[in-house]
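The values are calculated or read from the model by the stated rules, or taken from the named source; none is laboratory data. What you are looking at is a predicted structure, and each value in this text was computed from that prediction instead of being measured. Don't worry about glycine lacking a Cβ; one is built from the backbone with ideal geometry, like all the others, and counts go over all protein chains shown. Just so you know, the surface numbers come from the protein's heavy atoms only, side chains and all, with ligands and any DNA or RNA stripped out. Shrake-Rupley method; radii C 1.70, N 1.55, O 1.52, S 1.80 Å.
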Amino acid sequence: MSRVVVLTGGVGGAKLVLGLSRMMPPEDIVAVVNTGDDFVHLGLSISPDIDTLLYTLSGKANTAQGWGRENESWGFLAALRELGGEDWFALGDGDLALHVLRSHALRHGEPLSAIVGRLARAWDIGTTILPMSDHPVATMVDTDEGTLPFQRYFVARRCEPIVKAVRFEGAQAAVPAPGVLEAITDPTNKAVLIAPSNPFLSVDPVLAVPGIREALVQTTVPVVAVSPIIGGEAVKGPTAKLMRELGIAVNHRSIADHYRDVIDGLLVDERDTPIDLPVAHAFADTLMQSLNDRIRVARAAIALADALRA
Ligand code: GDP
């Protein structure tokens, strides 16, 4: 019983993965990361959630800002603006280096999973970071302003349009990246976790890749999700707004229902007790502000998995 596998999006998920990496050997953690947010911008292939994991686990993330790198310089973006280039997606100089390297390698036929593995090694990251797939999957948001690719909805339009549906283009033709299914179904795992990422925008694309949902159902180890709801609201981001727009009540029950087929347990915030849930659950303070908070939530999720196994 050794490894922990985590399905994750970007910021919210990376907090849990960082907590795990401080309570157990990082080499025993596998993060399966959403790539539905990936897009091509100015000819560069950008993988926002993968990069958030890379920056967070290497200690380079700008945690105050919530995206990008700390101590970033902005010479490229300033020069781009001067020339009238599109600047709605901020690209720092250090960030840019990552996108240039990745784009170059992809163009030479290297799979995304191999590129991410190389970048993680360059930064001494012990945790294995796997994209959900090496095939392109694009999260498309159907809104009252028409269909928007995810980054247009999220960054350019700041999640303001009203969402009618979320679709994952290319998912049906995608296959899980090498190692993803083996990691999820490994019977010697300690647990499989679903991070408190946006269930609809960050975790659903992962579950949409054929084989991943089935692997979660088949795995013999406990699957535990950490709910992204605290005190009847989402901690940040568009989760609550999006749930309301899709006609889904913003509470843990909706999260439990959403993951019903794939989870054995749900970790919910103690602020929301008492509660009636159709799945095994445990309570904890799940707000992750400090590093100690992250470790506490990671421990609580593993403790729930241990209790479920027993
Ligand atoms: P991503 O979906 O992982 O890329 O990350 P976001 O930063 O967009 O956050 C997604 C969801 O994670 C939000 O709906 C938040 O409610 C939830 N979230 C973020 N931070 C925390 C936290 O500290 N605790 C819990 N329980 N949920 C969180």
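Histogrammed with a bin width of 10 Å, the alpha carbon distances of region 108-232 distribute as 12, 33, 37, 17, 2 percent, first bin at zero. For region 163-310, the equivalent ellipsoid derived from the Cα gyration tensor has semi-axes of 23, 21, 13 Å, listed largest first. With viscosity 0.890 mPa s and temperature 25 °C, the Kirkwood radius over alpha carbon pairs of the chain converts through Stokes-Einstein to a diffusion coefficient of 125 µm²/s.
In the elastic network of the chain, a GNM with C-alpha springs shorter than 10 Å, the most mobile of GLY126, GLY19, GLY247 is GLY247.
List the GluC sites (Glu not before Pro) in region 144-205 that DSSP assigns to loop (not H, G, I, E or B) and whose Cβ has at most 15 other Cβ atoms within 10 Å. Which are they? Of the GluC sites (Glu not before Pro), the ones in loops of region 144-205 whose Cβ has at most 15 other Cβ atoms within 10 Å are GLU145.
Taking amide H as placed 1.01 Å from N in the peptide plane, HIS281 has its amide H under 5 Å from the amide H of LEU266, each at least 5 places away in sequence or on another chain. Our coupling estimate for region 70-83, obtained by passing each phi through the Karplus curve with A = 6.51, B = -1.76, C = 1.60 and θ = phi - 60°, is 6, 6, 6, 10, 10, x, 4, 5, 5, 5, 4, 4, 3, 8 Hz, Gly and Pro reported as x.
Among the chymotrypsin sites (Phe, Trp or Tyr not before Pro) in region 1-97, which ones are in a DSSP loop with at most 10 other Cβ atoms within 10 Å of the Cβ? Mind listing them? Display every interim value, and only then the final one.
Details: sites: PHE39, TYR55, TRP67, TRP74, PHE76, TRP88, PHE89; in loops: TRP67, TRP74, TRP88, PHE89.
Answer in residue order: TRP88.
Residue separation of ARG118 and ALA78 scaled by 0.36 nm, minus their Cα-Cα distance, works out to 11.4 nm of gained length.
When the trypsin sites (Lys or Arg not before Pro) in region 9-73 are filtered for DSSP coil states and for at most 16 other beta-carbon atoms within 10 Å of their beta-carbon, the remaining sites are ARG22. Please report, as a whole percent, how much of the solvent-accessible surface of the chain comes from carbon and sulfur atoms (probe radius 1.4 Å). Taking all protein chains in place, the chain shows 54 percent carbon and sulfur surface. Relative to the longest principal axis of the Cα atoms of the chain, helix 93-107 runs at roughly 90 degrees. Spacing of the modelled spin labels on MET23 and HIS108, each 7 Å from Cα toward Cβ, amounts to 4.1 nm.
Spin-label model, GLU233 to ALA303: label points 7 Å out along the Cα-to-beta-carbon direction sit 2.7 nm apart. Among VAL221, VAL235, VAL17, the largest mean-square fluctuation in a Gaussian network model of the chain (Cα springs under 10 Å) belongs to VAL235.
Taking θ as phi - 60° and the Karplus parameters 6.51, -1.76 and 1.60, the scalar couplings of region 281-291 work out to 8, 9, 10, 7, 6, 9, 6, 10, 9, 9, 5 Hz in sequence order, x denoting glycine and proline.
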